[in-house]
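Trainee: The structure's right below; bear with me while I get my questions together.
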């Protein structure tokens, strides 16, 4: 595990503003892109047709789906901050999602994670907001930025 384990809700306030170590690099290969196309039903040629993408795409090859990158960023960030005290966690959604740089098939990405908010709600849940940045190896700009929101119950 790269990050921290939170053992109670009070500990969260101390972590607000903290940037956790970046995740390991992960390769977004064509097999992963094709499997996501099958699951999502998004078979747009720019993601799945390597020959056509080579001829017609401004990127010269296939690129990963934006939603695949969003899911991957959330998956990679889970190892950075865990909540052993939680009885359940709910994915509450994402805010301010932006896809800034296309990720070509074979590109390597990693996520950086900053805990930006931890607010105790009236229902006993803690609303946790994290800033996620998905870096593309060798690129000047990130592939994706987003705010991820969770509800954590103890």
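The values are calculated or read from the model by the stated rules, or taken from the named source; none is laboratory data. Computed from a predicted structure; not experimentally measured. All Cβ positions, even for glycine, are placed from backbone atoms using ideal geometry, and neighbour counts span all protein chains on display.
Trainee: Take the conditions closer than 21 Å to residue 143 by Cβ, surrounded by 15 or more Cβ atoms within 10 Å (Cβ to Cβ) and without any contact (Cβ under 8 Å) to a residue 40 or more places away in the chain and apply them to residue 48. Does it pass?
Mentor: Numbers: closer than 21 Å to residue 143 by Cβ: yes; surrounded by 15 or more Cβ atoms within 10 Å (Cβ to Cβ): yes; without any contact (Cβ under 8 Å) to a residue 40 or more places away in the chain: yes.
Taking the combined requirement at face value, the residue satisfies it.
Trainee: Which of the residues belonging to region 97-127 are in contact with a helix residue (DSSP H, G or I) (Cβ under 7 Å, 6 or more places away or on another chain) and at pLDDT below 95?
Mentor: Scanning region 97-127 gives 113, 115, 118, 120, 126.
Trainee: When you scan region 66-91, how many residues do you find that are surrounded by 15 or more Cβ atoms within 10 Å (Cβ to Cβ) and either modelled with pLDDT of 95 or more or in contact with a helix residue (DSSP H, G or I) (Cβ under 6 Å, 6 or more places away or on another chain) (or both)?
Mentor: Number satisfying all stated conditions: 6.
Trainee: Still on this model: Are any residues in region 92-108 buried (at least 21 other Cβ atoms within 10 Å of the Cβ) and more than 16 Å from residue 145 (Cβ to Cβ), and if so, which ones? Talk me through it step by step, then tell me what you get.
Mentor: So in region 92-108, the residues buried (at least 21 other Cβ atoms within 10 Å of the Cβ) come out as 103, 105, 107.
Passing the criteria: 105, 107.
Trainee: Of all residues in region 1-21 being part of a helix (DSSP H, G or I) and touching a strand residue (DSSP E or B) at 6+ places or on another chain (Cβ under 8 Å), which is farthest from residue 144 (Cα to Cα)? If you could, list the steps in order and put the result at the bottom.
Mentor: Keep residues of region 1-21 that are part of a helix (DSSP H, G or I), which gives 9-15.
Next, only the ones that are touching a strand residue (DSSP E or B) at 6+ places or on another chain (Cβ under 8 Å) stay: 9, 12-13, 15.
Details: 9: 29, 12: 25, 13: 26, 15: 23 Å.
Here the residue is 9.
Trainee: Something else about it: List every residue pair whose Cβ atoms sit under 8 Å apart, with the two residues 6 or more apart in sequence or on different chains, where the first one lies in region 14-36 and is at positive phi and the second, anywhere, is outside any helix (DSSP H, G or I).
Mentor: 17/114; 17/115; 17/116
Trainee: If you don't mind, another one. Restricting the search to region 22-43, which residues are surrounded by 12 or more Cβ atoms within 10 Å (Cβ to Cβ) and assigned to a loop (DSSP other than H, G, I, E, B)?
Mentor: Once the filter is applied, which keeps residues that are surrounded by 12 or more Cβ atoms within 10 Å (Cβ to Cβ) and assigned to a loop (DSSP other than H, G, I, E, B), region 22-43 yields 22, 23, 25, 29, 42.
Trainee: Go through region 59-154 and tell me which strands (runs of 3 or more DSSP E), entirely inside it, have 2 or more residues that are touching a strand residue (DSSP E or B) at 6+ places or on another chain (Cβ under 9 Å) and more than 18 Å from residue 9 (Cβ to Cβ). Give the derivation first.
Mentor: On the way: elements: 81-83, 88-99, 107-120, 126-136, 144-153.
Qualifying strands (runs of 3 or more DSSP E): 88-99, 107-120, 126-136, 144-153.
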